[in-house]
């Protein structure tokens, strides 16, 4: 199978012109087929605020009421996505911006209300990867916005890490997939106060031990759980690193 | 060749939920392959206004400065486009929202400044229809936003009638294309005060005569010129009618 790299980049990197251009340069240099998954939360918050709409977050997740859904549809699906696409095209990358509604690639269920009503937020239910796999094989580079749809006419705000994981898993039937999660550190650290203490490789067994020994804690646990879930579903490897290392993934943590 | 209908709908029809749903129902009922091209000017003006950005129009065309480009990218590429896509998906239509930057389908030149600086406005230079023609043949329904790109990283605001005409012309190499321009009347009228005086068929020769006799005047002239330009470029027929007639194009004016 041909190689495919699925890269998720969030945060201000994709929202500031200089860092975005640097990122896209690195992304363009990756050989073989690739997919970019982006966030855009800071821009959504800024545009919402200008429109007089308050951003409410619970556990780091955005509460998405009807007005906020319009904002994220504009910002994720329009502003951020289409500017990345136009920039990649300028680098000779044949980018195609997509939400989950486009070609019905990602169908979600609106998250049920339990303690918290997250509003128009989607939990991915199914992925239709055949058409994008075909486009990727023809040289197209999908750029995925963190939006899915419910199949009943409504778009749903969806976590970009989840989009990346689900896309990688679905594409694993067609390609030899490496999934890369970019975050603010070089990788998973064995000492949180030492940025150079990157653990270069983690297996599922080693992960259990790291959690047991309290070396891996907090938000890193669900991130790694997602990584191993992707591997169980056929993804070849998952790299956790920072965007500056795109192009040299050996600097990050490899989950296998 | 298989049949393809390219429909351009602008105005408030695509921007109000009830009329949009009615339109999409009619659009869904069209047999065979199809493409939808939409506008979104009213929403752009409304969002711009809420963001404190003034909309400046010259000869009915929007002056698109840097801030306004962000607004139209959000509104055309995100809000309007993705909501249409999600609604069509709910009707079982495998819609795919696209700007000209996506898969590099429509490349433009930024309009040169003469008397008026229109800003980030594009005049279409080339259309790459191969990939979308292939998707259309596979049952995908492209939904085109009125945005193109300059190939240097910038999106450009582009007239939706032009997008529809250029798409129809480029797709004429792959399909037997009918191009439909929806506007507020049933068709081209022989008496502007009588909505029932629709001219059912116009040839290029008859068009010259209608202009000579001052039966066709004003904004109708460039519309018909575009229609015959499309026919010269291989489009089978162009229908000018109102959105309510989608599904029964015999009620409109057919240019052949």
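The values are calculated or read from the model by the stated rules, or taken from the named source; none is laboratory data. Quantities reported herein were computed from a predicted structural model and do not represent experimental measurements. As a convention, Cβ positions derive from the backbone with ideal geometry for all residues, glycine included, and neighbour counts pool all protein chains shown.
Descriptive notes on the structure:
- Screening B:64, B:73 for residues that are under 24 Å from residue B:117 (Cα atoms), in contact (Cβ under 8 Å) with a residue 40 or more places away in the chain and in contact with a helix residue (DSSP H, G or I) (Cβ under 6 Å, 6 or more places away or on another chain) leaves exactly one candidate, B:73.
- Across the range B:44-73, the qualifying residues are those that are part of a loop (DSSP other than H, G, I, E, B) and within 11 Å of chain A (Cβ to nearest Cβ), and the one among them that is surrounded by the fewest Cβ atoms within 10 Å (Cβ to Cβ) is B:52.
- Checking each residue in the range A:137-177 for being more than 12 Å from chain B (Cβ to nearest Cβ), more than 23 Å from residue A:40 (Cα to Cα) and touching a strand residue (DSSP E or B) at 6+ places or on another chain (Cβ under 6 Å) picks out A:170, A:171, A:175, A:176, A:177.
- Residue B:79 being closer than 28 Å to residue A:138 by Cβ and in contact with a helix residue (DSSP H, G or I) (Cβ under 9 Å, 6 or more places away or on another chain): no
- Test: residue in the range B:34-41 that is in a helix (DSSP H, G or I) and closer than 19 Å to residue B:238 by Cβ: no
- Applying the criterion of being within 7 Å of another protein chain (Cβ to nearest Cβ) and touching a residue at least 12 places away in the same chain (Cβ under 8 Å) to the residues of the range B:84-94, the residue that is nearest to residue A:85 (Cα to Cα) is B:85.
- Residue that is nearest to the other protein chains (Cβ to nearest Cβ) [pool: residues in the range B:23-33 that are assigned to a helix (DSSP H, G or I) and crowded, with 20+ Cβ neighbours inside 10 Å]: B:24
- Taking first residues from the range A:127-148 that are on the phi > 0 side of the Ramachandran plot and partners that are part of a helix (DSSP H, G or I) and at pLDDT 95 or above, no Cβ contact under 8 Å between residues at least 6 apart in sequence or on separate chains turns up.
- Here residue B:220 passes the criteria (1) surrounded by 16 or more Cβ atoms within 10 Å (Cβ to Cβ); (2) modelled with pLDDT of 95 or more except the one numbered (2).
- Selection count where residues are buried (at least 17 other Cβ atoms within 10 Å of the Cβ) and in a strand (DSSP E or B), scope the range A:1-12: 6
- Restricting attention to the range A:227-244 and to residues that are touching a strand residue (DSSP E or B) at 6+ places or on another chain (Cβ under 8 Å) and part of a helix (DSSP H, G or I), the residue that is surrounded by the fewest Cβ atoms within 10 Å (Cβ to Cβ) turns out to be A:228.
- For the range B:123-142, a residue qualifies if it is buried (at least 23 other Cβ atoms within 10 Å of the Cβ) and assigned to a strand (DSSP E or B), and exactly one does: B:142.
- Residues within the range A:102-122 that are in a loop (DSSP other than H, G, I, E, B) and crowded, with 22+ Cβ neighbours inside 10 Å, tallied: 3
- Residues (surrounded by 14 or more Cβ atoms within 10 Å (Cβ to Cβ), out of contact with any strand residue (DSSP E or B) (no Cβ under 6 Å at 6 or more places or on another chain) and under 26 Å from residue B:60 (Cα atoms)) located in the range B:13-22: B:13, B:15, B:16, B:19, B:20
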